Amino acid sequence: MKTAKLIIGIVSIVFFNIIVFQSCAVGVMNFFESNSEDISGTAGILLAFAMLIAGIVGIATRKSKGGGITSGVFYLVGAIIGFENPGAFSDLAIWSVLSLIFGIFFIIGSAIMKKAPISQPYQPYQPYYPDQQQYPNQYQPPQQYSQIPPQQPPQQYPQQLPQQYPQQLPQQYTDQQHENT
């Protein structure tokens, strides 16, 4: 049903371009014929915009009931406008029937649509350890890790310098020799 609503919405947007072009042509024809009583070109433009709005709303809200009903109402309003003002624009009846079919499809499709299940709130991942039977929601390290004795922290400053480092620097690195150069 969601895919069908998406396809109908896209088709409606494409039909908008065709209907507007035809309606403008009929309006220009009525102007040159001095037929001011025929408003079928204007009715065609209104039908085209109703289909455009219904198509966009149908695509954007294809997963909800309210959006589908809103699209269906726009399709039906466009169909009513088209049926009331056929005049010289004979294709307006065809577009009105198509808009009526789309409107009925959207309204019936939204009426029989199942309500989406309420999603559960986010639960962070909790690793499972076999020894977690008492407190299943709290982390407890496995027994093998909890039996390791703590290690002594290393001393920051050693008490004695290791034997490999001499206590005094060789003669060549003394300050006196450095000042003489």
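The values are calculated or read from the model by the stated rules, or taken from the named source; none is laboratory data. None of the values given here were measured: they were computed from a predicted structure. With ideal geometry, Cβ positions are generated from the backbone for all residues, glycine too; neighbour counts draw on all protein chains shown.
Close contacts from the range 95-110, counting a first residue that is at pLDDT below 95 and a second that is not in a helix (DSSP H, G or I), with Cβ to Cβ under 7 Å and a gap of 6+ residues or different chains, come to G109/M1. Test L52 against the criterion of being surrounded by 15 or more Cβ atoms within 10 Å (Cβ to Cβ), within 18 Å of N85 (Cα to Cα) and at pLDDT 85 or above, and give yes or no. So L52 fails the test.
Okay, residues lined up against (1) modelled with pLDDT under 95; (2) over 19 Å from I112 (Cα atoms); (3) touching a strand residue (DSSP E or B) at 6+ places or on another chain (Cβ under 8 Å); (4) exposed (fewer than 14 other Cβ atoms within 10 Å of the Cβ):
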residue: T3; (1), (2), (3), (4): yes, no, no, yes
residue: I7; (1), (2), (3), (4): yes, no, no, yes
residue: D38; (1), (2), (3), (4): yes, yes, no, no
residue: G41; (1), (2), (3), (4): yes, yes, no, no
residue: K65; (1), (2), (3), (4): yes, no, no, no
residue: Y75; (1), (2), (3), (4): no, no, no, no
residue: L92; (1), (2), (3), (4): yes, yes, no, no
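Can you pull out the residues in the range 30-72 that are among the aliphatic types (A, V, I, L, M), closer than 18 Å to A93 by Cα and in a helix (DSSP H, G or I)? Correct list: A43, I45, L46, L47, A48, A50, M51, L52.
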